[in-house]
Structures are given as C-alpha cells and as structure tokens.
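Participant: Mind having a look at this structure? Questions to follow.
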Amino acid sequence: MKRIFLLASMCAIGCAANAQFVSRHSASPVLPITKKTVDVSGPVAAGHVKHAAAKTTATAFYTQDFNGGLPSGWTTGVITGPGTWHHTTVASTSSYHLAALASTTAANGWMIFDSDSLGAACGTCAPAGWMQTDAINCASHTTVRLNFEEYYRKYNDSCIIWVSNSPTFATYTRFPVSFNNNLATNVTTVNPKTIHINISSAAAGVSTVYIRFIHYGYPAGSYSWSVDDMTLSEVDPHDVDAHGSFLYNPQATAYNSSMFTTPLQFVDSIYPVILLSNQGANIENPMVGAQIYNGTTAVYTQTLPYTGLVVGAEDSIVQFPGFKPTVMGNYSVPMGANITGDADPSNNVDSSFFTVSDTTWMVNSGKISGSYYLHRVSPAVSYLQGARFDVPTTAAGDTVSGFGVAFSSTSVPTTGSASVSVQLYSVQQGGANWNFVATSVSKPIVASDISTSTSTVWAYFAIDPVASGGIGQFVLQPGTTYAAVAQINGVTTDLAVLSSVSPNATGFAGYFGQSDSSLNDGGNASFGATNVATGLTSVPLVRMYFGNIGTVGINDINKVAIVTKATPNPATSDFTVTFTQAVPAAAVVNITNTVGQVVATQNVAATASGSATFSTANLPSGVYFYSVHSNGGRSTGRIVVAQ
C-alpha cells in the first residue's frame with residue numbers, strides 16, 4: 001500500500017512526464033538498445049551492519065543457512081528453459097556476472113538462480129525456475145514473516161514468492177518481492193539486502209506450509225538472484241523502514257528533477273524526500289526528520305509528524321520543506337523515522353548526497369547501472385545518447401566550456417577518420433522543438449577515453465567556438481532546457497555510453513536521459529522533432545563543464561587555437577586572464593556580463609603567451625564571461641566576482 005504525503009504538484013508533474021513518455025513511444029517506437037554490464041560494486045565496506053543481526057525481537061522459529069548444499073527435504077524445479085537453482089560458494093561466472101553474496105553465513109554457501117548463464121545457453125528462451133522448502137509447521141504462530149538475505153540485479157525479469165499448504169502447489173498465494181521487481185533496469189540491490197515479507201495471510205496458524213522462491217527470466221538471459229540465511233519469524237510489533245531518499249528539485253516548469261552535481265548559478269530550492277514502509281504489526285505514528293550538512297556543518301533541520309502509517313504500507317512518501325544552497329560544497333542529507341521499540345533501528349535512516357560546484361553539471365548520481373549503445377556493429381544501429389539539463393528561470397546565464405562522456409568498458413576505440421562529438425540543443429521551457437546551439441570538437445575515441453570495469457573515465461570534449469558561431473551560441477540561458485548528446489561520425493566499432501541509476505526510483509522525477517535515432521555522418525535523423533524527452537530514466541553519463549576544465553589535448557589546441565584561464569576565480573579585488581596560442585598574434589580580451597554587455601576590455605600585443613589583469617572595483621558581485629579574440633579565433637570562460 002502506498003500513501004502519498006507531499007505537494008500535489010509533484011505528482012502532477014511526474015505523472016505528466018510519464019504520459020508524455022507513453023505517447024512518444026506509442027507514436028514513434030524508436031527505443032535505444034540497452035546493454036547489460038558486469039557488476040562493478042566491489043567488496044562490501046568494512047563494518048557493514050546486516051539487518052538480520054540487528055533484530056531485537058521476533059526470534060526466528062525456522063532457519064536455513066544452506067550449509068553445504070540444497071537442504072534435505074528441499075526441491076528445485078524448472079518452469080521454462082534449462083537449469084534451475086543451485087548451491088555455490090563463489091560469484092556467478094556468467095557473461096554479466098555479479099559479485100559473491102556477502103551474507104551472514106556466506107562462508108558455507110548460498111543458493112543462486114543464474115539466469116544470465118542459462119539464457120546464454122538457450123539463446124532466445126526465458127529461463128525460469130523454482131526452489132521449494134520442506135514442510136514447515138506454523139500452526140502456533142498468529143503472524144508469519146519470511147526473511148532472507150539476497151543479492152540481485154534487475155533486467156526485465158521478476159522475483160516471486162509462492163506460499164501453499166500443498167507440496168504440489170495445487171493452490172497457492174502469490175507474494176511479489178516488490179523491492180526487486182520495482183528496481184530500474186540494470187540496477188542492483190545492496191550486498192546483502194535483507195528482505196522481509198509478511199506471509200501471515202497464507203501461513204499463520206497453518207500446520208504444513210511450503211514456500212517457493214521463483215525467478216522468471218528474460219529471453220537471452222537476465223542476471224542472477226542469490227539467496228541465503230532464510231528465516232521465519234513472528235511479525236515484529238514495531239518496525240518502520242526508511243529508505244529511497246532523494247532530493248526533489250523543481251528547476252523548471254517543464255520537468256522536475258533530483259539534485260546531484262549542480263553549478264551554484266543553477267541551484268534552486270531542493271526538497272528532501274524519504275519513503276517509509278511499515279513492516280511491523282501495528283499502525284505507527286513516527287516522527288520523521290531530515291538534516292542537511294555542508295561538510296560537517298548543519299545548515300538545515302526539519303521534523304514532521306506522520307500519522308497513520310498502516311500495517312504493510314510500502315513507499316509512503318514524506319516531503320520536507322525546501323532549502324536553497326547559497327555556497328559551494330559537498331552536502332549530505334540524512335533522513336529517517338523514529339518510533340519507540342523499533343525492532344530494527346539499522347534501517348531507520350537513509351542518506352542522499354549532492355554537490356554544489358563551480359565547474360560541473362551532472363544530472364545523475366554517477367552510480368553505474370548499465371549502458372546504451374551509441375553505435376552497434378551487429379546489427380548496425382546508431383543513436384544519439386545524452387542528458388537533459390533544465391536551467392531555472394531565476395538563474396543567471398553561464399558559459400559551457402566542454403562536455404564529459406563516460407564510455408562503457410565494452411566500447412572499442414574508433415578507427416580511421418571516425419570521430420565523436422557532443423552537440424548541444426535547446427528548447428524554451430513550455431516551447432516547441434529543439435534547436436541546435438553548439439558543438440564540441442570532434443575527435444576519435446582512444447583507449448584512454450574508455451572506462452574500465454572498475455573505474456569510470458570521463459572523455460573530455462572541448463567546445464568548438466568556430467563551429468558553434470561564437471560565445472552567444474553556448475551561454476546557457478534562464479528558463480531553457482538543454483540536451484547535451486553524443487553524436488558519431490563514420491563510426492564502425494561498438495561504442496556504448498555508461499548509464500546511471502534512475503535519478504529518482506519513485507517515478508516522480510520525470511525523465512533525464514535523451515536518446516534518438518541518428519545517422520552515422522555527424523547529423524541526426526529525428527532529434528528536434530518535439531519538445532518531449534524520449535524518456536530514458538537510466539541516464540546516459542554525459543555532463544557539462546564550465547570554465548576551462550579537463551585536460552586539453554594537442555588535437556583540441558589545434559582546433560580551439562587559444563587556451564585560456566582566469567585566476568583567482570572567484571575574484572575579490574582583481575583577476576588575470578592568461579592565454580596561450582599556437583601562433584603569436586595580437587589579442588583583445590573582453591569581459592562581458594550575463595546579458596552580453598562588454599564591461600571591460602584590454603588589447604595585448606602580439607604574443608604566443610599573454611595576459612590581461614582587470615580590477616573588480618567597478619564590477620558588482622556576480623558571474624562574468626571573459627573572451628580572448630586573436631587571429632580569427634576565440635576562446636571563452638567564466639569568472640565569478642565575489643566582493
């Protein structure tokens with residue numbers, strides 16, 4: 001059961017975005033090909049607290065830790081395809097493997113349904129199988145809860161629990177493992193995740209109970225589901241779970257979004273949101289709180305009462321009042337619920353994190369959940385892949401200097417004259433049709449541009465001022481939505497762009513990804529035909545840079561011609577713009593405000609490496625842009641004046 005406790009406009013916007021997504025793909029079903037990825041979660045952090053160990057009530061009356069193999073009296077079976085559940089003590093070995101389950105008793109093994117390896121074996125079948133317990137006596141228990149530790153990654157499969165008093169399951173009650181089934185594609189649970197399912201309606205007071213763990217696979221393979229340390233217990237009297245925290249950020253009228261890494265100029269008020277579930281046996285009235293820290297300094301504290309959290313409630317939403325950051329920093333936002341006598345206090349707090357930056361804009365968490373093809377060799381397909389950025393109507397303009405793209409480790413460097421660029425499009429919020437704004441330099445993709453299986457690499461694409469038509473073409477404007485999309489030219493190798501987990505798994509955040517069919521010649525086929533996003537909730541890792549960020553390679557220098565920098569930045573009394581260029585020439589250095597007015601200028605005699613110093617005495621605090629014009633070329637950047 002879900003209960004919504006938040007601003008009505010939040011749902012209205014999110015639901016509208018979902019309707020647009022359905023309409024878009026009903027009319028033009030051009031979907032990008034999703035690519036599965038190997039697990040890069042790494043080992044479990046030291047000191048990880050397992051929920052099962054934290055329980056203080058409801059002692060288990062049935063336990064199974066799968067010591068040495070399938071327990072006596074248990075059975076397994078096949079629904080479709082080959083294979084079924086089996087015992088293991090190591091990580092799965094399928095093509096898209098997951099790490100080993102880090103359960104409480106992992107040393108003696110666990111049970112796994114490795115759907116991915118089975119799918120690879122049967123080609124196009126959809127492998128599905130079950131694992132069934134022996135007969136369990138629950139006659140003396142008025143409530144029954146199933147508990148187990150797991151590790152699971154979602155593709156297009158599902159996890160179900162069946163409960164019956166018949167060993168053949170002639171009749172049964174079905175309990176979906178909602179946490180797993182509601183994950184976005186390619187998203188993985190924590191390792192381990194403790195699952196609690198109230199099966200009282202089918203098991204309480206019953207002398208003979210059988211339980212089946214069922215995994216329904218997907219044609220050509222899914223991932224795997226590892227299960228260990230299963231117990232049955234009474235339902236705890238009090239057990240509230242706070243989870244799924246996120247930061248709602250209504251940056252624009254067209255879409256709302258979640259907060260991740262955002263330039264200070266584009267930060268709007270954010271609203272902490274937490275989801276509550278009631279896994280206990282009583283209706284609860286918890287106090288729910290949120291704090292925001294910039295480093296170790298608390299900058300926000302709010303507490304709200306929640307009345308009537310019903311038994312079995314899932315994902316009930318609490319939204320806190322807004323907070324607008326005014327300084328840069330790395331922020332943490334712990335949120336949680338407090339009730340007297342909670343049986344499992346370890347799941348009462350969940351935290352979100354965000355960064356207010358002066359250099360980078362990222363509309364995703366950066367946590368990898370898969371990848372999307374930019375180009376696929378067989379069958380040959382090409383797409384534009386990128387991310388949407390909404391500039392608030394209250395923001396000042398700002399200048400983009402370049403882009404970052406994270407290519408999947410399965411990508412292959414380009415060959416010959418093939419290249420990739422990042423194109424910037426815009427649409428007025430509430431307007432129609434996307435318009436080309438600017439482009440980066442076009443360059444080949446080499447091995448150093450590609451991420452590894454354990455490390456994300458951001459390939460840098462500097463803005464090309466010549467092809468973009470000058471500074472006015474790539475100053476981000478208030479009240480405007482932008483799409484930064486990677487575009488290929490003559491690519492004949494596999495290129496895939498990594499994607500992040502959905503910015504907001506609750507479905508209220510709208511859609512941040514962009515994808516459209518594209519040509520392989522630097523152009524595009526259909527992007528720009530509508531103002532509606534195509535709806536990738538798993539966002540391609542494409543980000544914007546402001547100022548001169550990243551390493552500028554020799555190819556970029558030859559293309560941009562002038563490399564500039566302003567220091568100090570921010571500036572309080574004066575600042576110096578330095579520049580280098582391949583050929584000595586006279587230069588003009590201009591300082592402009594956010595509406596394009598030149599507020600200061602200096603001429604520099606012919607040189608390959610020069611500078612110009614400006615006083616801030618007559619410049620009010622705010623954002624300004626510097627530009628160096630020389631020998632027909634131009635380079636721009638941003639300077640912040642803080643009096």
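The values are calculated or read from the model by the stated rules, or taken from the named source; none is laboratory data. These figures come from a predicted structure and were not determined experimentally. Ideal geometry is used to build each Cβ from the backbone, glycine not excepted, and the neighbour counts take in all protein chains shown. These area figures cover heavy atoms from the full protein model, side chains too; ligands, DNA and RNA do not enter into them. Shrake-Rupley method; radii C 1.70, N 1.55, O 1.52, S 1.80 Å.
Participant: Could you look through the range 192-210, keep only residues that are among the β-branched types (Val, Ile, Thr) and surrounded by fewer than 20 Cβ atoms within 10 Å (Cβ to Cβ), and pick out the one that is farthest from Tyr96 (Cα to Cα)? Give the steps one after another, and end with the answer.
Facilitator: Initially, the range 192-210 is screened for residues among the β-branched types (Val, Ile, Thr), giving 194-195, 197, 199, 206, 208-209.
Now drop any that are not surrounded by fewer than 20 Cβ atoms within 10 Å (Cβ to Cβ), which leaves 197, 206, 208.
Details: Ile197: 28, Val206: 41, Thr208: 39 Å.
Out of the qualifying residues, it is Val206.
Participant: Okay, next question. Out of all the residues in the range 152-191, which are open to solvent by less than 40 Å² (accessible area, probe 1.4 Å) and β-branched (Val, Ile, Thr)?
Facilitator: Once the filter is applied, which keeps residues that are open to solvent by less than 40 Å² (accessible area, probe 1.4 Å) and β-branched (Val, Ile, Thr), the range 152-191 yields Ile160, Ile161, Val163, Val177, Val187, Thr188, Thr189.
Participant: Specify which of the listed residues (Ile214, Ile274, Ile283) is more than 30 Å from Pro167 (Cβ to Cβ) and open to solvent by less than 10 Å² (accessible area, probe 1.4 Å). Break it down into steps so the answer makes sense when it comes.
Facilitator: On the way: Ile214 fails: more than 30 Å from Pro167 (Cβ to Cβ); Ile283 fails: open to solvent by less than 10 Å² (accessible area, probe 1.4 Å).
On inspection, the qualifying residue turns out to be Ile274.
Participant: Tell me which residues, restricted to the range 361-387, are more than 30 Å from Val623 (Cβ to Cβ) and either acidic (Asp, Glu) or outside any strand (DSSP E or B) (or both).
Facilitator: Lys367, Val377, Ser378, Pro379, Ala380
Participant: Scan the range 404-418 residue by residue and report those that are open to solvent by less than 10 Å² (accessible area, probe 1.4 Å) and touching a Gly at 6+ places or on another chain (Cβ under 9 Å).
Facilitator: Matches in the range 404-418: Gly404, Val405, Ala406, Ser408, Ala418.
Residues are listed down the side, and each one gets a yes or a no for (1) within 16 Å of Met544 (Cβ to Cβ); (2) open to solvent by 20 Å² or more (accessible area, probe 1.4 Å); (3) not aliphatic (A, V, I, L, M):
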position: Thr359; (1), (2), (3): yes, yes, yes
position: Met362; (1), (2), (3): yes, yes, no
position: Gly370; (1), (2), (3): no, no, yes
position: Val377; (1), (2), (3): no, yes, no
position: Ala380; (1), (2), (3): no, yes, no
position: Phe389; (1), (2), (3): yes, no, yes
position: Pro392; (1), (2), (3): yes, no, yes
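Participant: Only residues in the range 194-217 that are without any contact (Cβ under 8 Å) to a residue 60 or more places away in the chain count as the first member; pair them with residues that are hydroxyl-bearing (Ser, Thr, Tyr), Cβ under 8 angstrom, at least 6 apart or cross-chain, and list the lot.
Facilitator: Taking only residues 6 or more apart or on different chains, the pairs are Ile199/Thr173; Ser200/Thr142; Ser200/Thr143; Ser201/Thr173; Ala202/Ser164; Ala202/Tyr172; Ala202/Thr173.
Participant: Given (1) surrounded by fewer than 17 Cβ atoms within 10 Å (Cβ to Cβ); (2) in contact (Cβ under 8 Å) with a residue 24 or more places away in the chain, where does Glu149 come up short, assuming only one miss?
Facilitator: (1)
Participant: Shifting gears a bit: Quick check on my filter: what residues within the range 388-423 are of a type in the set (A, V, I, L, M), assigned to a strand (DSSP E or B) and at pLDDT 90 or above? Step through it out loud before you land on a result.
Facilitator: So the first thing to find is which residues in the range 388-423 are of a type in the set (A, V, I, L, M), and the list is 391, 395-396, 400, 405-406, 412, 418, 420, 422.
Applying the additional criterion that residues be assigned to a strand (DSSP E or B) yields 400, 405, 420, 422.
The answer is Val405, Val420, Val422.
Participant: Where residues in the range 441-468 are part of a strand (DSSP E or B) and at pLDDT below 90, which of them is nearest to Leu424 (Cα to Cα)?
Facilitator: Step one: filter the range 441-468 for residues part of a strand (DSSP E or B), giving 443, 450, 459-463.
With at pLDDT below 90 added as a condition, the list becomes 462-463.
Values: Ala462: 12, Ile463: 10 Å.
The extreme case among them is Ile463.
Participant: I need the strands (runs of 3 or more DSSP E) fully contained in the range 115-223, keeping only those with at least 1 residues that are within 30 Å of the chain's Cα centre (by Cα) and closer than 30 Å to Phe512 by Cβ.
Facilitator: Qualifying strands (runs of 3 or more DSSP E): 145-152, 158-164, 173-176, 193-198, 210-216.
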